[in-house]
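The block underneath contains the structure these notes are about, expressed in structure tokens.
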Amino acid sequence: MIKLNGIFKYYSNNFIKTYVLRDIDLEIQQGEFVTVMGPSGAGKSTLLYILGMLDGPNSGEYYYKDQKVHKFNEKQRTELHKYEIGFVFQQYHLIDELTVYENIEIPLLYQKIKGSERKSIVCDMLDRFNIVGKKSLFPNQLSGGQQQLVGIARAIITKPSLLLADEPTGNLNSEQGKEIMELFTKLNKEGTTIV
Ligand SMILES: Nc1ncnc2c1ncn2[C@@H]1O[C@H](COP(=O)(O)OP(=O)(O)O)[C@@H](O)[C@H]1O
Ligand SMILES: [Mg+2]
């Protein structure tokens with residue numbers, strides 16, 4: 001499903017290049033559940049952003065389902081991201097001014113799905129995540145665990161083939177963290193590839 005060949009990523013500062021990723025090769029098969037481990041600053045988030053097409057490497061090849069992502073321009077990358085990938089952030093990244101319902105709905109708006117269909121998809125998701133009663137609340141009215149559930153609901157609302165989760169339980173207590181990991185295990189059993 002995914003193949004990285006010789007990926008390099010660096011940041012330039014005063015003409016000095018600091019390498020975050022150096023010659024990374026990686027292969028991920030459809031249906032895998034892969035964990036990336038390393039100390040803080042090792043480049044885990046950078047790697048996930050590249051896999052998620054939210055950022056590009058400085059050099060190297062990225063094949064996604066045999067498509068040459070490294071040859072894509074930003075618009076093509078964004079388009080592929082929109083239909084293929086769900087991304088869960090450690091800091092949730094929900095939109096504060098939107099309700100739970102509206103946050104979950106966003107990716108469907110980007111995909112230009114019609115109103116009635118959108119409503120039924122979002123309602124199913126609220127139901128599945130047991131958060132129907134929270135649909136009109138704003139993110140700051142939720143606990144961290146609830147916000148992350150909303151973040152995950154938003155990430156999987158379009159049924160992505162690939163779910164990327166960047167330290168999704170990093171800000172949660174162990175009970176909430178366990179719940180989220182069980183949810184990921186279930187999604188993986190249903191066929192979603194997870195990193
Ligand atoms: N925009 C940036 N400019 C300069 N350095 C950056 C930038 N983003 C990340 N880095 C550096 O890249 C390194 C890897 O960061 P990151 O991928 O976030 O690591 P991890 O997620 O494993 O903690 C860190 O040393 C970080 O300071
Ligand atoms: Mg990180």
| What translational D, rounded to a whole number of µm²/s, comes out for the chain from Stokes-Einstein when the hydrodynamic radius is the Kirkwood one over Cα pairs, at 25 °C and 0.890 mPa s? | 138
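State, to one decimal in nm², a quarter of the convex hull surface area for the C-alpha atoms of region 39-90, i.e. the direction-averaged projected area.
4.1
Just want to confirm a number: the relative contact order over the chain, from Cα pairs under 8 angstrom separated by 6+ residues, in percent.
24
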| request: Please list, in chain and number order, the residues 5+ apart from A165 or on another chain whose amide H is under 5 Å from its amide H, with Hs placed from the backbone. | output: V88, V195
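How high is the relative contact order of region 84-170, in percent, with contacts defined as C-alpha pairs under 8 Å that are six or more residues apart?
Computed over region 84-170, the figure is 59 percent.
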| Separation between the Q141 and E74 pseudo-spin-labels, each 7 Å from Cα along Cα→Cβ, expressed in nm? | 3.6
| For labels at Q111 and F33 in the simple 7 Å Cα→Cβ model, what's the distance in nm? | 2.3
| query | In straight Cα distance, which lysines are under 17 Å from K135, not counting same-chain residues fewer than 8 positions off? | reply | K119
| To the nearest 10 degrees, how steep is helix 100-110 against the longest Cα principal axis of the chain, on a 0 to 90 scale? | 50
| task | Restrict the search to region 58-132; then list the trypsin sites (Lys or Arg not before Pro) that DSSP places in a loop and that have at most 11 other Cβ atoms within 10 Å of their Cβ. | result | K112, K114
| note | Dividing the mean separation of Cα pairs under 8 Å (6+ apart) by the residue count of region 1-72 yields a relative contact order in percent of 40
| remark: For K114, counting only lysines whose alpha-carbon sits under 19 Å away and dropping same-chain residues fewer than eight positions off, the answer is K82, K159
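FYI, it's all coordinate maths here, none of it is from the lab. All of these numbers come straight from a predicted model, not from anything done at the bench. Backbone-built Cβ (ideal geometry, glycine too); neighbour counts: all protein chains shown.
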